[in-house]
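Have a look at this one before I ask anything.
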Amino acid sequence: MKKKTLLLFGFIALKFILHYFLISPEYDLQRDEYLHLDQGRHLDWGYISVPPFTSWVSKLIILLGNSVFWVKFFPALFGALTIYIVWKTIEALNGSLFSLILGSVCILFSAILRLNILYQPNSFDVLSWVTFYYIVIRYIQTQNAKWLFLGVIAFALGFLNKYNIIFLLIGLLPVLLLTKHRIVFTQKQFYLALLIGFLLIVPNLLWQYNNHFPVVHHLKELAATQLVNVDRYDFLTHQLLFFIGSFFVIISGLVGLLCYKPFKTYRLFFLSFFLTLIVFMYFKAKDYYAIGLYPVYIAFGAVVLGEWLKTGWKKYLQPVTIAIPLLLFIPVYNMAFPNKSPHYILEHPEPYKDFGLLRWEDGKDHALPQDYADMLGWKELAQKVDSVYQKLPNPNQTLILCDNYGQAGAINYYSKQKVQAVSFNADYINWFDLTKKYKNIIRIKEADNSQTELQETAPFFETSKVAGTITNTNAREFGTTIFVFTGAKMDINGRIKTEIQQYKDYLKK
């Protein structure tokens, strides 16, 4: 086996190993992960929150046993494939062995590692970006039409995973029109490839149309509740923090695109970089949305540095160059991963605050980073719901109704009773089982919404009580209350149908 191949396998193996040591056992799965896993039980061509690709992976996870191992395996796999594509990009750009090592180290010890610890669409999103850029490079080099077809397939899969990849096209197409590469728009194969790409994504577009474009509602809600708190200056500073150890490599890549003669034909990437960032900033996108932009520039930078440092005294700088991403990653490792207990973070909040990790989507600082707080309290909730459920006289006629998708998904994942909780939040609104005649309700209410629940709902049932609360003070769900209502005096099924119809009418508006 060649030395290069052994090194590549080594990086990929290290990638997988690291991912099983980055999360402290005090933490459960994260809020979004439960929703994505439940989507695997309700396969469709679209969802309110995301396109369908993640649900396909979730179905595979379920078939493999639905254990935490497999939940964590697939984002790690997508991260490993990102390293592989960057490696192939460097090879395509005639990079040296040093360049291959430097590029792999920069990708491995960056924000991508943080992104890959959670089962969300973001990991495959980054992989889609770097794959598409790699294909563009290969097409520029060969003018072979097969890369056009591979490009639309890569884009279609990225689109079916996360609509964020549209920003890639917004940043790339105008630059193509301004350069000699616009000749691609005169080729018949290009339009045939576009047709194939359109056919791949049209089922999702039809789903959006038939469901009154819930993505538009989702984006409006996102803009009103989260993106409104995005600061453009913070967006830029966070880009630096994401790749703090490899920032000099990215800069080298950008400089090389202007000054390094073999990169002359790839200069469209220079303009595209800044245009894409400007578009992200204009729309006040979340900082991590742009992570997929950087790997290809790390590849360019690694090749340039490999050329600049290959002779004379400068070759002795190669080990130093590789060491920089490793050394600067150490403080990031100590803070940016849930490898410290909540108790430790509460006792040492200063570094987390200094790096902005305590700032949540509401724009305010909290005791724990938001993702960490979103990984607590879920097992406790499921265990308490199970305890209540099994004591009910007619458990099969019980509706478990939650305030948010995290509650519903966590109960469904951890429950030993194999219950199916639902919510009027996110995709769960489409997953109510109305073939059952409900007589009881286990109602899960967020702390801020639970004060008047007994007073408002008890008159419609024979019995009502508070059955428990989430007691983990570090959990975002702290104070979430479990109510039990039995012996319905009203038509629960009819009320559900009314609520669902009201939501659909709201989408139509």
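The values are calculated or read from the model by the stated rules, or taken from the named source; none is laboratory data. Not measured: the values here are computed from a predicted model. Don't worry about glycine lacking a Cβ; one is built from the backbone with ideal geometry, like all the others, and counts go over all protein chains shown. Just the protein is used for accessible areas: all its heavy atoms, side chains included, with ligands, DNA and RNA removed. Shrake-Rupley method; radii C 1.70, N 1.55, O 1.52, S 1.80 Å.
What accessible surface, in Å², does a 1.4 Å probe find on residue 232, ignoring ligands, DNA and RNA and rounding to the nearest 10?
100
Normalising by the residue count of segment 244-301, find the relative contact order in percent from Cα pairs under 8 Å and 6+ residues apart.
Over segment 244-301, the number comes to 58 percent.
Here is a follow-up. First check a/c for segment 130-276, with a ≥ b ≥ c the square roots of the eigenvalues of its C-alpha gyration tensor; if it is under 1.5, answer rounded, and if not, answer prolate when a/b is larger than b/c or oblate otherwise.
Oblate shape, in that a/c is at least 1.5 and b/c is the bigger or equal ratio.
Place a label point 7 angstrom from the Cα of residue 471 along the Cα-to-Cβ direction, then list the residues of segment 369-401 whose backbone nitrogen is under 13 Å away.
Only 380-381, 384 fall inside the zone, counting backbone N under 13 Å.
Oh, and also: Report the Stokes-Einstein translational diffusion coefficient (µm² s⁻¹, integer) for segment 192-292, Rh taken as the Kirkwood radius over Cα pairs, at 37 °C with viscosity 0.692 mPa s.
Roughly 197 µm²/s, to the nearest whole number.
Specify which residue in the list 77, 93, 63 is farthest towards the positive end of the charge dipole of segment 20-112, using unit charges on the beta carbon of Lys, Arg (+1) and Asp, Glu (-1), about the Cα centre.
Result: 93, furthest along the dipole toward the positive end.
What is the Cα centroid distance between segment 350-399 and segment 20-66, reported in whole angstrom?
First find each Cα centre; the distance between them is then 17 Å.
Can you put 453, 26 in order of accessible area, largest first, using a 1.4 Å probe? Don't skip to the answer; put the middle values down first.
Numbers: 453 15, 26 95 Å².
Descending order: 26, 453.
Same structure again: So how exposed is residue 463, as accessible area in Å² (1.4 Å probe, rounded to 10)?
Result for residue 463: roughly 70 Å² accessible.
Something else now. So which lysines pass the test for residue 384, namely a Cα distance under 19 Å, with those fewer than 8 places away in the same chain ruled out?
416, 418, 445, 465
Another question about this same structure. Setting aside same-chain residues fewer than 8 positions from residue 364, which aspartates and glutamates have a Cα under 13 Å from its Cα?
Partners found: 231.
Roughly how many nanometres apart are two label points built 7 Å out from the Cα toward the Cβ at residue 56 and residue 173?
2.3
Moving to a separate point now. Determine the percent antiparallel among the DSSP beta bridges restricted to the chain, to the nearest 5.
The antiparallel fraction comes to roughly 65 percent.
If you don't mind, there's one more thing I want to ask. Assign unit charges at the C-beta atoms only (+1 for Lys and Arg, -1 for Asp and Glu), then state the dipole size of the chain relative to its Cα centre in Debye, rounded to the nearest 20.
1880
Can you tell me which lysines have their Cα less than 25 Å from the Cα of residue 188? Leave out same-chain residues fewer than eight positions away.
Output for residue 188: 146, 180.
Could I ask something else about it? Suppose all protein chains stay in the model; what accessible area per residue would a 1.4 Å probe give for the chain, in Å²?
Heavy-atom SASA per residue in the chain reads 45 Å².
Continuing with this model, one more query. Give, to the nearest whole percent, the P(r) tail of the chain beyond 34 angstrom, counting all Cα pairs.
Taking all Cα-Cα pairs of the chain, the fraction more than 34 Å apart is 42 percent.
Expected output is a single nm value to one decimal: the length gained when fully extending between residue 436 and residue 396, i.e. 0.36 nm times separation in residues minus the C-alpha distance. What is it?
Once the chain is fully extended between residue 436 and residue 396, it gains 13.6 nm.
For segment 313-448, count the residues as N, evaluate 2.2 N^0.38 Å, and divide the Cα radius of gyration by that value, please.
Cα Rg divided by the expected 2.2 N^0.38 Å: 1.56.
Hey, if we sort 77, 376 by accessible area with the 1.4 Å probe, largest down, what's the order?
77, 376
In a shell of Cβ-Cβ distance under 10 Å around residue 438, excluding residue 438 itself, what net charge do Lys and Arg (+1) and Asp and Glu (-1) give?
That sum, taken over residues with Cβ under 10 Å, equals +2.
Between residue 6 and residue 141, what is the spin-label point distance in nm, taking each point 7 Å from the Cα along the Cα→C-beta axis?
Result: 2.5 nm between the two label points.
Another question about this same structure. Between residue 350 and residue 231, what length comes free when the chain is fully extended (0.36 nm per residue of separation minus the Cα-Cα distance, one decimal in nm)? Mind showing how you got there, number by number?
Details: separation 119, 0.36 × 119 = 42.84 nm, distance 2.12 nm.
Value of the extension gain: 40.7 nm.
Next question. So what J values fall out for segment 287-296 if you push phi through Karplus, 6.51 cos²θ - 1.76 cosθ + 1.60 with θ = phi - 60°, rounded to Hz, Gly and Pro as x?
4, 6, 4, 8, 4, x, 5, 7, x, 5
Quote to one decimal, in nm, the extra length available between residue 42 and residue 186 on full extension: 0.36 nm per residue of separation minus the C-alpha distance between them.
Taking 0.36 nm per residue and subtracting the Cα distance, the gain is 47.6 nm.
I'd like the carbon and sulfur percentage of the solvent accessible area for the chain, probe radius 1.4 Å, heavy atoms only, ligands and nucleic acids excluded.
Summing carbon and sulfur atoms, their accessible area is 62 percent of the total for the chain.
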